[in-house]
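The block underneath contains the structure these notes are about, expressed in structure tokens.
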Amino acid sequence: MLRIVLSALLSLSVLACTVKPATDYLVEHDFSQYKDFAFVRAPEDAVASIDSSRIESAVVAQLKQKGLRQTDVKSADLLVDYRVDSATELESFGSSLGFGVSRGRGSIAMSTPTRYRERKYGKLVLEFLDPASQSIVWSSISQSQLKETMGPDKRAEFITKQIDLMLSTYPPQPK
């Protein structure tokens, strides 16, 4: 019985740690009109990243599950654009906290961080464009970090999971 309770608590804690992506869309827009999609063409001089194929595969799988068909850019009624935005954060280390007691006296001491390190990471951005209106109708930004130190298998798993989360609420349900 204890194992079942511990397994359930562990599962709930893992689910609670999942950071939901930030999603925005045109509220009054009719998303049921979209049947075909295509990826926005990259500029001719652009170099495709290794992650591009991972992102496209994950998006294609999700949109096909939702009933959309992949087609060429000229006949698509929905265009998909994606990118990995780079971001940084400062990480401090070296701070300490100490307690001391001596002959009836107590004290607390704290030192500030002595060193900082800049960590770079990527954030997945996914946008859907309506070619007729030439505007973005839906977008989602992953709030989890695609870290530079991830290996190929970990990156592929991360991208698939994030795209699944990002597209979990597409198409938005009318209110």
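Numbers below:
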| read-out | value |
| --- | --- |
| Flag for K20 being assigned to a loop (DSSP other than H, G, I, E, B), over 22 Å from S135 (Cα atoms) and at pLDDT 70 or above | yes |
| Within segment 152-175, tally of residues that are farther than 16 Å from P21 by Cα and not aliphatic (A, V, I, L, M) | 8 |
| Within segment 49-85, considering residues that are more than 20 Å from A156 (Cβ to Cβ) and of a type in the set (G, A, S), the one nearest to the chain's Cα centre (by Cα) | G67 |
| Candidates I136, I108, filtered to the one that is among the aliphatic types (A, V, I, L, M), modelled with pLDDT of 90 or more, surrounded by fewer than 16 Cβ atoms within 10 Å (Cβ to Cβ) and part of a strand (DSSP E or B) | I136 |
| Which numbered condition Q162 misses (of (1) surrounded by 19 or more Cβ atoms within 10 Å (Cβ to Cβ); (2) in a strand (DSSP E or B); (3) of a type in the set (S, T, N, Q)) | (2) |
| Segment 164-175 residues that are under 18 Å from Q33 (Cβ atoms), paired with ones that are assigned to a loop (DSSP other than H, G, I, E, B) and hydroxyl-bearing (S, T, Y) (beta carbon under 8 Å, 6 or more apart) | P171/Y34 |
| Out of V101, V47, sole residue that is under 24 Å from G151 (Cβ atoms), surrounded by fewer than 14 Cβ atoms within 10 Å (Cβ to Cβ), modelled with pLDDT under 70 and out of contact with any Pro (no Cβ under 8 Å at 6 or more places or on another chain) | V47 |
| Set L26, L90: member being at pLDDT 90 or above, out of contact with any Pro (no Cβ under 8 Å at 6 or more places or on another chain) and of a type outside the set (K, R) | L26 |
| Of the criteria (1) closer than 26 Å to V60 by Cβ; (2) at pLDDT below 90; (3) part of a strand (DSSP E or B); (4) not small (G, A, S), which one Y82 fails | (2) |
| Single residue of segment 141-159 satisfying the filter (surrounded by 13 or more Cβ atoms within 10 Å (Cβ to Cβ) and part of a loop (DSSP other than H, G, I, E, B)) that is modelled with the highest pLDDT | S142 |
| In segment 165-175, residue surrounded by the fewest Cβ atoms within 10 Å (Cβ to Cβ) [restricted to those that are within 17 Å of L78 (Cα to Cα) and over 14 Å from the mean Cα position of the chain (by Cα)] | P172 |
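The values are calculated or read from the model by the stated rules, or taken from the named source; none is laboratory data. Keep in mind that what you see is a predicted model, and the values were worked out from it rather than measured. Here the Cβ is made from the backbone with ideal geometry for all residues, glycine too, and neighbour counts use every protein chain on show.
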